[in-house]
Amino acid sequence: MAKPKRAGIYVRISKDRKGEELGVQRQEKACRELCERMGWSVLKVYPENDVSASTTSKRGRPAYTEMLRDARDGFIDGIVVHSIDRLTRRISELAGFLEEQQKHGFAFATTEGEDTSTAGGRMILTIKGAVAQQETERMSERINTSLLQRREQGKPHAGGKRQFGFKEGSCFQELDQAETELVREGHRMLMDRNPKTPGDVARFWNSCGSTSPQGGAWTIQSVKRVYRSERTGGIVTYKGQDIGDSVYAAPLTREQWETVQALLDSRATPAPHGSGRRKHLYSGFLRCGNCGSALRVQWATVQGRTFRRTFCHSGQRGKDGRLGCGKVSRKYVWIEQQLNEVIAAALSAREPQRQEAPAEDFRGGIGLLEARIRTLRGRWKDGRMADEDYFDSLAHLREELRTLRARAAASVVRRSRTESDAPAVWADETVENLERRRAIVASVIDHVDVFSVGRGRRKPPETTSIRITPASG
């Protein structure tokens with residue numbers, strides 16, 4: 001192989017907490033000395049400071065990618081690194097690098113003297129790469145074991161951004177009393193018999209002068225993030241799994257948090273099923289009969305006449321990513337009248353609601369499972385139980401506990417939302433009652449396909465110009 005005329009030096013260090021770049025500077029100095037001894041001319045340095053190359057890292061390495069691209073394009077004809085574990089700690093990535101070298105013919109050298117020009121040299125390099133990967137994986141296993149033990153002791157992960165309800169800099173171990181009270185008041189608003197929405201909670205928090213942890217105004221999504229976080233309920237997780245309860249105080253109890261999850265899940269229905277705050281009763285239920293896209297509903301003024309229309313928007317993408325066809329545009333009032341008749345008929349055909357049976361009490365079963373988990377943990381900590389048996393039994397018990405808690409939370413929400421007189425609710429057409437009426441619509445109608453009736457029609461449309469799909473169950 002010819003001596004390179006344009007070599008590139010790649011230097012990398014995984015962690016640089018002080019940001020002084022001393023590690024990459026030492027690597028670059030050693031690589032330049034190697035190039036000088038071999039007579040290689042250095043054209044460019046590709047530094048990556050505080051960037052991991054392990055199998056657990058999900059961050060990209062832009063300098064590494066740029067270096068390979070320059071080698072493929074012939075911009076550089078040689079690559080120098082300090083050692084093979086600076087280049088990569090993934091055996092698959094090393095194999096790909098060696099294939100690129102053979103394909104494009106660029107030279108490669110390390111300060112440790114690896115030779116890639118022979119099969120034996122490439123084998124030695126591959127073995128070193130495998131050793132580097134194994135070292136990373138064993139380190140990761142030790143760290144994960146330590147983290148799991150901390151989680152088992154009820155100590156949550158202390159890193160990450162500040163969360164609403166906790167004091168800044170307390171590592172989620174101390175509560176901010178003012179913020180905690182807002183979280184609890186928001187919980188009471190959501191669980192009220194006449195329930196408020198996350199948007200109402202956001203407006204309430206903003207009116208109190210509160211700001212999000214990032215300093216901005218509260219929005220629906222930022223409020224949901226607070227109540228979706230397990231930390232709000234004092235729940236310790238490890239790799240997405242519920243490990244147990246935190247030893248530190250939390251804004252809500254576990255039971256309150258799980259009840260909020262059931263509530264948010266019940267509201268998190270797709271737009272065609274009527275989720276969210278809307279201005280029109282059937283918006284979200286209407287679909288284009290031609291392409292299946294969700295129809296918009298809005299006020300329009302044509303030749304001095306103002307009316308509501310529903311239409312397929314040709315610039316709006318549906319769930320499948322396709323744009324609407326724009327071929328359907330109808331007056332909304334006639335469709336609303338037809339659907340109102342369907343809903344009224346469905347309500348009148350229903351049997352009078354029976355007195356709800358007493359709700360099932362899940363507290364005994366939950367308490368029993370929690371006691372079994374505590375006993376199991378005590379046996380494991382005393383060394384009377386093997387790790388494998390402990391974690392298998394623990395996973396089984398926690399799955400049962402999650403199921404029971406979910407049923408208990410759903411029962412609470414169901415009791416708080418029991419509707420005693422659906423026809424009376426349906427007859428109330430005030431704006432404040434719109435969401436409750438939409439809930440009744442969702443119990444009768446899944447969606448409505450609306451078809452075009454052409455232009456210039458004077459007589460009312462045919463009833464076949466809409467097709468109603470009833471709600472399942």
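Could you grab me the full set of residues in the range 430-447 that are in a helix (DSSP H, G or I) and free of Cβ contacts under 8 Å to residues at least 40 places away in the same chain? Matches in the range 430-447: Val431, Glu432, Asn433, Arg436, Ser443.
Of all residues assigned to the range 199-210, at least one qualifies as being in a helix (DSSP H, G or I), free of Cβ contacts under 8 Å to residues at least 40 places away in the same chain and of a type in the set (Gly, Ala, Ser). The lone criterion from (1) modelled with pLDDT under 85; (2) surrounded by fewer than 14 Cβ atoms within 10 Å (Cβ to Cβ) left unmet by Leu263 is number (2). Just one of (1) closer than 20 Å to Glu28 by Cβ; (2) assigned to a helix (DSSP H, G or I) fails for Tyr46. It is (2).
The conditions of being closer than 24 Å to Thr403 by Cα, among the hydroxyl-bearing types (Ser, Thr, Tyr) and surrounded by 13 or more Cβ atoms within 10 Å (Cβ to Cβ) are not met by Thr219. Summed over the range 157-175, the residues that are farther than 19 Å from Tyr238 by Cβ and surrounded by 13 or more Cβ atoms within 10 Å (Cβ to Cβ) give a count of 8.
Restricting attention to the range 203-221, the residues being aliphatic (A, V, I, L, M) and more than 26 Å from Gly169 (Cβ to Cβ) number 1.
Among the residues of the range 154-194, the ones that are at negative phi and part of a loop (DSSP other than H, G, I, E, B) come to 19 in all.
Every residue in the range 223-243 that is of a type outside the set (D, E, K, R) and in contact with a helix residue (DSSP H, G or I) (Cβ under 7 Å, 6 or more places away or on another chain), please. Of everything in the range 223-243, those that are of a type outside the set (D, E, K, R) and in contact with a helix residue (DSSP H, G or I) (Cβ under 7 Å, 6 or more places away or on another chain) turn out to be Val223, Val226, Tyr227, Thr232, Gly233, Gly234, Ile235, Val236, Thr237, Tyr238, Ile243.
Residue by residue, here is whether (1) farther than 24 Å from Glu33 by Cβ; (2) aromatic (Phe, Trp, Tyr); (3) at pLDDT below 90; (4) in contact with a strand residue (DSSP E or B) (Cβ under 8 Å, 6 or more places away or on another chain) holds:
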{"position": "Ala71", "(1), (2), (3), (4)": "no, no, no, yes"}
{"position": "Gly78", "(1), (2), (3), (4)": "no, no, no, yes"}
{"position": "Arg90", "(1), (2), (3), (4)": "yes, no, yes, no"}
{"position": "Gln101", "(1), (2), (3), (4)": "no, no, yes, yes"}
{"position": "Ser117", "(1), (2), (3), (4)": "no, no, yes, no"}
{"position": "Ala130", "(1), (2), (3), (4)": "yes, no, yes, no"}
{"position": "Asn144", "(1), (2), (3), (4)": "yes, no, yes, no"}
{"position": "Leu147", "(1), (2), (3), (4)": "yes, no, yes, yes"}
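Every residue, every condition in (1) more than 35 Å from the chain's Cα centre (by Cα); (2) at pLDDT 85 or above, yes or no:
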residue: Gly23; (1), (2): yes, no
residue: Gln27; (1), (2): yes, yes
residue: Cys35; (1), (2): yes, yes
residue: Leu43; (1), (2): yes, yes
residue: Tyr46; (1), (2): no, yes
residue: Thr55; (1), (2): no, no
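The set of residues in the range 83-98 being of a type in the set (D, E, K, R) and part of a helix (DSSP H, G or I) consists of Asp85, Arg86, Glu93.
The values are calculated or read from the model by the stated rules, or taken from the named source; none is laboratory data. Not measured: the values here are computed from a predicted model. Here Cβ is always computed from backbone atoms with ideal geometry, including for glycine, and neighbour counts include all displayed protein chains.
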